[in-house]
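Report on one structure; see the data block that follows.
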Ligand SMILES: Cc1cc2nc3c(=O)[nH]c(=O)nc-3n(C[C@H](O)[C@H](O)[C@H](O)COP(=O)(O)OP(=O)(O)OC[C@H]3O[C@@H](n4cnc5c(N)ncnc54)[C@H](O)[C@@H]3O)c2cc1C
């Protein structure tokens, strides 16, 4: 009889991977030692991205939104492997790691998220900053501090991309640099927040207007230099002087994921069954931004933390059902609503047709996110800090 534990390997400790691991760790059959769970993650700290903007305005501190994996996984039966996957041999069930070793698995979870997509525009990669990691936030914070200390009358920031990332960032940066802020948003599309409900767009436009943020839509970038951003808008070529350019206009799968020997859509996202299993490899699951999960023929589950969080819960259950030899459940995405921060202390919370804006919405958003933070202990520490409890 084979007494080897069943090896479950999770690649990536973000919303998809970390939450899957935490759900699995709570199952009693796992505590019996029949399974060995390994989480492969190169970073020291998890990042709760929806609250990253609050670092810029000092509303939240690093420890609150980026707790260490060591702390989150303390006392849990999960082996943390601080390394980066550099490829997977799906046929031989092996993960190659950057530090040279490899891992053999019985079940694999792919949850490595995406990276920034750069497009070929002169000066873009050299001069624009991204906003996806705690490093990005702290780098931007330092750049904003230097700008504030420069004594200049106008502090000019261009945000490229009018999706949620661009709109939230523009409002927060504007508040941080107020009253000297001169912020613009540039986007190729015809409107801001393309896939969002009317009420959310309306609140965002109001926040933008209140801050005198100029929005240039249907505009294509031509060039970026250290002092200037050049773009086409309504057949005009605009040279706009800038101190900072922030790039929020796209993500893509990392190279080895895009080259995996499995079915992908035309943007390289991995196609999965509603059970979250890969089409040709039933022992491999994919969740989060790297996967294309269809709710119906026309409806694709969005690449958001909200969706990844829901997938993690189902994935943990499906792994358990697999080990019990039972049939797996289908993923059903439930859109609970949208929440955007629209400046310091303010937000829009839109859920099931009800829209709340302003500082009350800011507080509700903060509280909802605190309850979504990983582990009860961490949630409680952040909540205590908010309530000024010892
Ligand atoms: C600034 C910002 C704000 C956002 N706000 C919201 C919001 O308000 N609401 C919302 O729903 N969504 C939001 N999102 C989107 C959300 O963060 C993503 O949809 C979500 O994180 C996807 O989860 P994931 O598990 O696929 O990837 P991630 O959470 O990105 O996790 C991927 C993990 O994999 C690790 N990794 C990368 N490469 C490797 C490798 N080769 N080997 C091993 N590990 C690897 C990474 O270090 C990371 O920890 C925001 C994103 C950003 C950047």
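The values are calculated or read from the model by the stated rules, or taken from the named source; none is laboratory data. As the structure is a prediction and not an experimental result, all values here were calculated from the model. All Cβ positions, glycine included, derive from the backbone under ideal geometry; neighbour counts span all protein chains shown.
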Residues that are over 23 Å from the mean Cα position of the chain (by Cα): find the helices (runs of 4 or more DSSP H) completely inside the range 1-109 holding 3 or more of those.
-> 28-31
Would you check which residues across the range 281-311 are without any contact (Cβ under 8 Å) to a residue 60 or more places away in the chain and either over 11 Å from the mean Cα position of the chain (by Cα) or not assigned by TED's automatic domain parsing to the domain that holds residue 260 (or both) and list them?
-> 282, 292, 293, 294, 295, 296, 297, 298, 299, 300, 301, 310
Of all residues in the range 13-29 being crowded, with 24+ Cβ neighbours inside 10 Å and under 13 Å from residue 78 (Cα atoms), which is farthest from the ligand (Cβ to nearest atom)?
-> 24
Say we look at the range 164-192 and pick out the residues that are part of a loop (DSSP other than H, G, I, E, B), out of contact with any strand residue (DSSP E or B) (no Cβ under 6 Å at 6 or more places or on another chain) and more than 20 Å from residue 220 (Cα to Cα); which of these is farthest from the ligand (Cβ to nearest atom)?
-> 179
Residue that is exposed (fewer than 13 other Cβ atoms within 10 Å of the Cβ) and either assigned by TED's automatic domain parsing to the domain that holds residue 172 or on the phi > 0 side of the Ramachandran plot (or both), where the choices are 194, 211 | 194
Output the number of the condition that residue 32 fails; it satisfies all remaining conditions of (1) more than 8 Å from the ligand (Cβ to nearest atom); (2) more than 23 Å from residue 102 (Cα to Cα); (3) in contact with a helix residue (DSSP H, G or I) (Cβ under 7 Å, 6 or more places away or on another chain).
-> (3)
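Tell me the residue from 100, 161, 151 that is within 16 Å of the ligand (Cβ to nearest atom) and in the same structural domain as residue 193 (by TED's automatic domain parsing), please. Break it down stepwise before answering.
Details: 100 fails: in the same structural domain as residue 193 (by TED's automatic domain parsing); 151 fails: within 16 Å of the ligand (Cβ to nearest atom).
None of the others qualify; the one that does is 161.
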Keeping to the range 260-282, report how many residues are out of contact with any helix residue (DSSP H, G or I) (no Cβ under 8 Å at 6 or more places or on another chain), farther than 17 Å from residue 330 by Cβ and surrounded by fewer than 21 Cβ atoms within 10 Å (Cβ to Cβ).
-> 8
Of the conditions (1) surrounded by fewer than 21 Cβ atoms within 10 Å (Cβ to Cβ); (2) within 12 Å of the ligand (Cβ to nearest atom); (3) under 30 Å from residue 301 (Cβ atoms); (4) not assigned by TED's automatic domain parsing to the domain that holds residue 172, residue 90 clears all except one; give me its number.
-> (2)
Scan the range 40-56 and report the pairs whose first residue is touching a residue at least 12 places away in the same chain (Cβ under 8 Å) and whose second residue is near the ligand (Cβ under 6 Å from one of its atoms) and part of a helix (DSSP H, G or I), with Cβ atoms within less than 7 Å and a gap of 6+ or a chain change.
-> 49/305; 50/305
Determine, yes or no, whether residue 241 is surrounded by 15 or more Cβ atoms within 10 Å (Cβ to Cβ) and touching a strand residue (DSSP E or B) at 6+ places or on another chain (Cβ under 9 Å).
-> no
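Keeping to the range 228-285, report how many residues are farther than 30 Å from residue 112 by Cα and at pLDDT 95 or above.
As a first pass, look at the range 228-285 and keep what is farther than 30 Å from residue 112 by Cα: 228-243.
Restricting the remaining residues to those that are at pLDDT 95 or above gives 228-232, 237-243.
Summing the residues that are farther than 30 Å from residue 112 by Cα and at pLDDT 95 or above in the range 228-285 gives 12.
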Might you check whether a residue that is part of a helix (DSSP H, G or I), at pLDDT 95 or above and over 19 Å from residue 118 (Cα atoms) occurs anywhere in the range 149-159?
-> yes
